[in-house]
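Bear in mind these aren't lab numbers, they're just calculated from the coordinates by the rules spelled out. Computed from a prediction, not measured in an experiment: that's the story for all the values here. Glycine also receives a Cβ, built like all others from the backbone with ideal geometry; neighbour counts cover every protein chain displayed.
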Amino acid sequence: MTTGFGLSKIGQIAINVRDLPRAVKFYRDVLGMRYLFEAPPQMAFFDCGGIRLMLGVAEKSEFDHPASILYYDVSDIGAAAAELKRRGVTFEAEPHLVADLGTRELWLAFFRDTESNVLSLMSEVAKAAH
């Protein structure tokens with residue numbers, strides 16, 4: 001197809017929640033995301049590096065399902081995980097190496113929000129010179 005059209009930018013990501021006030025507190029106060037606004041009937045919005053993140057109670061049963069995994073890119077995964085642990089986040093496992101990318105390594109650390117959605121920290125780390 002050569003129409004020149006192609007999707008390339010994410011404008012908003014939605015995460016289903018059951019308890020909006022609890023989820024807002026977690027994303028704002030624990031994860032430290034910049035809170036933007038709330039909108040009826042039960043939605044709250046955050047800025048995530050220029051992408052809007054919407055937390056919302058599903059309006060219909062067919063939309064009530066777990067979220068996809070969001071990977072938050074951090075420069076120092078060990079320090080980020082330590083800070084989130086200090087704020088009460090429980091990780092599924094310690095930050096760990098998942099892929100050798102040649103000159104860099106990909107590290108991940110999975111955790112859950114207050115609504116049981118899986119989230120992850122990710123960091124691409126330059127390999128140490130030998």
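In a DSSP loop and with at most 12 other Cβ atoms within 10 Å, the GluC sites (Glu not before Pro) in region 39-121 are Glu59, Glu92.
Extension gain for Glu124-Asp100 works out to 7.7 nm (0.36 nm per residue, less the C-alpha to C-alpha distance). If R0 is taken as 25 Å, the Cβ-Cβ distance between Thr90 and Ser8 corresponds to a FRET efficiency of 0.10. For region 4-40, chymotrypsin sites (Phe, Trp or Tyr not before Pro) meeting the loop criterion (DSSP other than H, G, I, E, B) and having at most 12 other Cβ atoms within 10 Å: Phe5. The DSSP beta bridges internal to the chain are antiparallel in roughly 75% of cases.
For the chain, place one equal point scatterer on every Cα, skip the solvent, and apply the Debye formula. What is log10 of I(q)/I(0) at q = 0.09, 0.14, 0.15, 0.22 Å⁻¹? Calculated log10 I(q)/I(0) at the listed q: -0.32, -0.72, -0.80, -1.32.
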